[in-house]
1. For A:I32, what residues show an amide H to amide H distance below 5 Å, using hydrogens built from the backbone and excluding near sequence neighbours?
2. Would you mind putting B:698-710, B:61-73, A:87-99 in packing order, based on average other-beta-carbon counts within 10 Å, highest first?
3. Take B:N28, project a point 7 Å from its Cα along the Cβ direction, then tell me which residues of region B:287-319 have their backbone nitrogen under 12 Å from it.
4. Place +1 on the Cβ of every Lys and Arg and -1 on the Cβ of every Asp and Glu in region B:591-748, take the dipole about the Cα centre, and give the residue among B:Q693, B:G742, B:L612 whose Cα lies farthest towards its positive end.
5. Filter the GluC sites (Glu not before Pro) in chain D down to the DSSP loop ones having no more than 11 other Cβ atoms within 10 Å, then list what survives.
6. Evaluate the relative contact order of chain A (contact order divided by residue number), counting alpha-carbon pairs under 8 angstrom at least 6 apart; express in whole percent.
7. As a footprinting exposure proxy, order B:H252, A:H143, B:H646 by other Cβ within 10 Å, with the fewest listed first.
8. Just to check I understand the Karplus step: with θ = phi - 60° and J = 6.51 cos²θ - 1.76 cosθ + 1.60, what whole-Hz values come out for region D:12-23, glycine and proline as x?
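Coordinate-derived values only; no laboratory data. Note that the structure is predicted; figures quoted are calculated from it, not measured. So basically every Cβ, Gly included, is an ideal-geometry build from the backbone, and we count neighbours across all protein chains shown.
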Amino acid sequence: MKFGVIVFPGSNCDTDAHHAIKDVVGADCEFIWHDGVDLQGFDAVVLPGGFSYGDYLRSGALARFSRIMSSLYEFIEKGRLVIGICNGFQILTEAGLLPGQLLSNDVLEFRCKWVNLRVENAKTPFTSLYRPREVLRMPIAHHDGNYYAEKDVLDDLERSGQVVLRYVDESGNPTAEANPNGAARNIAGIVNKKGNVLGLMPHPERCVETILGGEDGRRIFLSMVDSLSKGTLVGKGRS
Amino acid sequence: MDIPAWKKMGLKDFEYKEIVNRLGREPNYTETGIFSVLWSEHCGYKHSRSLLRTLPTKGEKVLVGPGENAGVVDIGDGLACAFKVESHNHPCAVEPYQGAATGIGGIVRDVLAMGARPVILLDSLRFGPVEDARSRFLFGGVVSGIAGYGNCLGIPTVGGEVFFAEPYKGNPLVNVLCAGLMKHEDLHLGKAYGVGNVVMIVGHSTGRDGIHGATFASDVLGEDNEDKRPNVQVGDPFMEKLLIEACLEMMHKGVVVGIQDMGAAGITSSCAETAARAGTGLSIEIAKVPMREENMTAYDVMLSESQERMLLIVKPEKVDEVAAIGKKWGLHVANIGRVTDSGSLEVYEYGKLAAAIPVSLLVEGSPVYCPESAEPGYVSNNTNWAAASVKVPAKSELGGILLKLLAAPNIASKETVYRQYDYMVRTDTVEGPGKGAAVVRVKGTKRALVLKTDCNGRLAYLNPKAGAAWAVAESARNVAATGARPVAITNCLNFGNPERPEIYWQFKEAIAGMSEACVALGTPVTGGNVSFYNETEGVAVYPTPVIGMLGVLEDLDKHVSPGFKSAGDAIAVLGKVWGDGRSLAGSEYLASICGQVAGNPREPDLALEKGLVDVLVEGASLGLLRSAQDLSEGGLAVALAESCIHGEDGACGATISIGAIGCGGNPDHRPDSVMFGECNSAVVVSLAPDKEQALKDLCARHSVPLAVLGQVGSDKLVVKDCLGGEIISLATAEMADAWRNGIPRAAK
Amino acid sequence: MKFMGTVTVALKEGIFDPQGAAVKGSLDALGYAQVQRVRMGKDIVIALEAASIEEANSLLDEMARKLLANPVTEVYRIAVQEAGERP
Amino acid sequence: MKFMGTVTVALKEGIFDPQGAAVKGSLDALGYAQVQRVRMGKDIVIALEAASIEEANSLLDEMARKLLANPVTEVYRIAVQEAGERP
Ligand SMILES: Nc1ncnc2c1ncn2[C@@H]1O[C@H](COP(=O)(O)OP(=O)(O)O)[C@@H](O)[C@H]1O
Ligand SMILES: [Mg+2]
């Protein structure tokens, strides 16, 4: 089983994801240069955080024209796993692979801090090792993390269990205070209908070692490894 | 009559005569421009060079000292750390966002040029009072500029300082420190070796941005352009990120012989410096430089300060490989000339020779000034200042004063600043901003780099020698408090106009204080930067010699952090809390509670500071310490309060008696000095009760006084005086609220 | 022929514009009580070659749909003129 | 009377526009060889009350100088019309 981390010009969490997956979780992992065309031999792909193409115009907007993206569409069609973290999430929405868009934080400032998240769907290939409604601590670090989608889209996401992570307080309530960026319905992460593409603003790769303040992010990658080894992915997203 | 060109470009008449003499002819317009930038204070260090030579720069860990783009020290395991601090004060006063952003860009390229991957940033900031709208605007702009550029690069900003005071109103100070990691064998130097080697430029195209302000309206550009050519550069962090990756790839593949960043005076200084260091010459053709604008002249190209560019010296057979790597990263790469043995910088403008100057005249060729210095009047007045003039507050007032101090912008939490910085990227930040020195792990080793910037300009103003020495001592103490051994410093000297005797005196004194402290603590100076003329309408900033201290923590598992860890632990003060009238001098208490900036701060007892560092480092490695918090602004009371605020759940309090510090022993002793006095060589530590004897023995061995004050409690700070009477009793929640909201509330 | 095109991108009406709100706030603070609403948009000025103004227009429209505006949250407006003309 | 004002803020000519350059890069990649130059600006739409269009104009000009544009790096242009009119 092999993970790939796509490196766009301006990606800057690519080595962090690589370290988390290879050195900490212990799965095979390689970097994939953005203008490659081949995802042969990979079972899961990470779109890492950072500022692809400087995040000019709109965060993630310019990256979706990278050559690798065309093969990513097929990759997703085949039911392989794709996780977009922070800038990766922004790229996935800009590319139309996930609904909605990530607007500027309502505070109009970059925010780097630890937040609490609630696992809304523990049946996805990315969250299968968490308990339903488990509360996690993860760091965020973004300027544009304010998730927006029209009401019916949001309702549909909720109904089909596509909302995977929500910003909450310590006791697990999705309060306004617990929402760091103004995201609609405190949404921090969603999956596509098929359930094999996850986009999230928090950084699981930054909390896989206790020395860095926590390891709640580790099970995201372990869940992926687990689901891949079981080999039955497609459809798992529905709950 | 119209002013001669050299004047417009900022050269003095006698400097111009000097140039004509040494050159043996009149320089042409382009040559004059080249001289004007390299003989400027910024590049030429005319007023500082002679004194900087007196700094201690040797040490067995120092691999590269001052003179190169950044200092480099050995950190073990075959690894080295390149680090340097630089100022971007003047640009930030005009355009805070871009000024700060391009400041980050510049220092990052300095570290990159050594062959290191830039991995850490710190920012040391000074502004006018937060209550002042303009100062708030500059503060906000600078912080978002640092965030905007640094975050995009993926280099964590893990620490810094913010200090507010009236003298910085017209002249904010923005100093940024960058540290990079490399293997010893990856060390590169800014030297143009090898006659026949190719000179290449990589990165952004070159435009007219940043060309010396005085020449906007010159006939080269034409009057009509004047307002369109402001002397500010716009940073492009995306391009810088690509430049970092491309240059690292080139250096690791060993395809570059020499590399040099393009900062002030762009191509001019990078060419002159690389040639001078190697004792060679360079011949370049500006037509080959990728240009951003039409019909640019040699003058434009040579003086442009367009950002995100590096100069490379490459063996002819490697040129294609360099070009390929540059192309891969989407950068402009061009072969602009070659290394010669002429000893001169020859510049061709579309085929014809536009400038030919011996590099020795350009680099370190500028005149060196040793202006006269005179002690300012305020110093002697302050020496006669009597603490007695400050009335001793009633015991009942001390708690309220502590709350006020915790909320004072200079002491309060700086979270509103660093929450805008991505301080976690690269997943090595073990201790980020907010709690003492930053601790950054070195992957693949047990080690960590520990960094802290420090300088209290108010102390340095009242007593420059003491102030500079305290900055070194405090940053060392901050670093040692984590268990790390301080190894070397970089520094940024921010002063007013050196042509004024009082300013030059401040500068001289500060250099002396810094040198003494560095020698005593065994932390050599590996590099730095001087920023003069930080004054408007005759009002100079506080002399501000910012120190950037680098330490190495041998074993991350032994890392000690501020904040009490468990109730029942013993609380002790290591070192000396003076508690006398003199320790009120220049204190935050005196400034923000009593509204005075006065007194003559004592100099640190450097032997004691050294002992303290040894105790902290050995104590940590022996596992004797549960927490350590150094005393700085706000003195003992604030150090205790911060230890409570940062305490673990159930260990956020303390009950202590200051009796043990021997109050009463000294006739000049006063409670406000004991609690809030500054210039102490001391640290508040907590330890498991069964470790007390071992720590006492360790302190004895290093002749460091140790006083056990009391015990860690759960949720409030209680302080008793020698007679056992309560002088302070505050809920930690209340202290935390004051400390966390100090700046937002003051900024309202 | 050379044309100067401007693609003006704005947030859809219903969508909250924090930046605009912030600017409104500062204007209030400066005492501009007359201001009722502020919306921030982008102004993308593109110099391009085209055979005719119609072609320039449709090129710009294509760019706007493909890249310059995000249909989820944004609407756009196009203006073109021959290069050289004053705006 | 109600007016609709637009303050268009652009970088001064001499100043490099990284954002515009990046967008141009993507347009090139998309095959728009016709594009010669891209510059990004801000488009600030302000609904305000004023006695006359002249007053609206001078108010907007004041706001632009005080807050909306940074004279060091930016230039601005103002357009006003009575509210309700189509742009
Ligand atoms: N501008 C800044 N950027 C990042 N961190 C900062 C900044 N200012 C202060 N900090 C952090 O806040 C904490 C307190 O700073 P300071 O008061 O200078 O510490 P000390 O009193 O120990 O010298 C430190 O961890 C410092 O790194
Ligand atoms: Mg300090």
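1. Result for A:I32 returns A:V5, A:I6, A:V7.
2. Highest to lowest by the protection proxy: A:87-99, B:61-73, B:698-710.
3. Output list for this probe position: B:298-299.
4. Toward the positive end, the furthest listed residue is B:G742.
5. Those that pass, being in a loop and sparsely packed, are D:E85.
6. 21 percent
7. The fewest-first ordering by Cβ neighbours comes to B:H252, B:H646, A:H143.
8. Values, residue by residue: 4, 3, x, 8, 5, 10, x, 5, x, 4, 5, 5 Hz.
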